[in-house]
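All remarks here apply to the structure that follows.
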Amino acid sequence: MTSVEDALDAVADLAAGFGALVDTGTRRLGLTPVRARVVFALHEDGPSRQRALGQSVGVSAQQLAVIVDALVDKGLVRRDPDPEDRRALRVSLTAAGESAAAEIAAVRREIGEVLLGDFDEERRDTLVTLCATMTDRAARVPRR
């Protein structure tokens, strides 16, 4: 029988291995994993206010400002006035950002094929359910 500690070790090993795959893939593109997440989020969701973008990728407003500054410097995103609120700025992808997002999507497909290529739909559904449950529970653990 698998103990809770053994299960946690397996999750930690998976997280480390997955993190290494993502890191390798995004660094090939000249991006950190979090910068790649921001570019991909903009690709999937379209232009976004910075606060909402930070929430969607799980970083603070201050962290996102630094990330967006770096992506602006690389020519991948731009900031424009929000048409609904002139005090706010919207972040959107440039043409170079869209190209980078396409490359990120290719990296995601490669990683998906390596990790899940031989999983049938039932195994993928089970994995998604387990990950969602654990993510929800992890979000409820008090941070100290």
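Here are 32, 26: which of them is under 12 Å from residue 104 (Cα atoms) and either modelled with pLDDT of 90 or more or surrounded by fewer than 12 Cβ atoms within 10 Å (Cβ to Cβ) (or both)? Among 32, 26, only 32 is under 12 Å from residue 104 (Cα atoms) and either modelled with pLDDT of 90 or more or surrounded by fewer than 12 Cβ atoms within 10 Å (Cβ to Cβ) (or both).
Does residue 48 satisfy the condition of being surrounded by 12 or more Cβ atoms within 10 Å (Cβ to Cβ), under 16 Å from the mean Cα position of the chain (by Cα), among the small types (Gly, Ala, Ser) and more than 30 Å from residue 10 (Cα to Cα)?
Values: surrounded by 12 or more Cβ atoms within 10 Å (Cβ to Cβ): yes; under 16 Å from the mean Cα position of the chain (by Cα): yes; among the small types (Gly, Ala, Ser): yes; more than 30 Å from residue 10 (Cα to Cα): yes.
Against the criterion (surrounded by 12 or more Cβ atoms within 10 Å (Cβ to Cβ), under 16 Å from the mean Cα position of the chain (by Cα), among the small types (Gly, Ala, Ser) and more than 30 Å from residue 10 (Cα to Cα)), residue 48 qualifies.
The set of residues in segment 54-69 being out of contact with any strand residue (DSSP E or B) (no Cβ under 6 Å at 6 or more places or on another chain), buried (at least 16 other Cβ atoms within 10 Å of the Cβ) and either among the aliphatic types (A, V, I, L, M) or more than 13 Å from residue 38 (Cβ to Cβ) (or both) consists of 57, 59, 64, 67. Going through (1) within 16 Å of the chain's Cα centre (by Cα); (2) under 15 Å from residue 44 (Cα atoms) one by one, residue 95 falls short only on (1).
Filtering 39, 72 for residues that are in contact with a helix residue (DSSP H, G or I) (Cβ under 6 Å, 6 or more places away or on another chain) and farther than 21 Å from residue 115 by Cβ leaves a single hit, 39. A single entry from 123, 86 fulfils the requirement of being farther than 25 Å from residue 15 by Cα and more than 16 Å from the chain's Cα centre (by Cα): 86. Please enumerate the residues belonging to segment 4-19 that are more than 14 Å from the chain's Cα centre (by Cα) and among the hydrophobic types (A, V, I, L, M, F, W, C). If the condition is that a residue be more than 14 Å from the chain's Cα centre (by Cα) and among the hydrophobic types (A, V, I, L, M, F, W, C), then 4, 7, 8, 10, 11, 12, 14, 16 are the ones that fit.
Could you list all residues from segment 77-104 that are in contact with an Asp or Glu (Cβ under 9 Å, 6 or more places away or on another chain) and not hydroxyl-bearing (Ser, Thr, Tyr)? Spell out how you get there, then give the answer.
Keep residues of segment 77-104 that are in contact with an Asp or Glu (Cβ under 9 Å, 6 or more places away or on another chain), which gives 88-92, 101.
Answer for segment 77-104, where residues must be in contact with an Asp or Glu (Cβ under 9 Å, 6 or more places away or on another chain) and not hydroxyl-bearing (Ser, Thr, Tyr): 88, 89, 90, 91, 101.
State all residues of segment 9-36 that are among the hydroxyl-bearing types (Ser, Thr, Tyr) and closer than 20 Å to residue 113 by Cα; if no residue qualifies, say none. Hits for segment 9-36 are 24, 26. Where helices (runs of 4 or more DSSP H) fall entirely within segment 41-144, those with at least 3 residues that are touching a residue at least 12 places away in the same chain (Cβ under 8 Å) and not β-branched (Val, Ile, Thr) are at 50-57, 61-73, 95-116.
The values are calculated or read from the model by the stated rules, or taken from the named source; none is laboratory data. No experiment lies behind these values; they were computed from the predicted model shown. Reconstructed Cβ throughout: ideal geometry from the backbone, glycine too, with neighbour counts over all protein chains shown.
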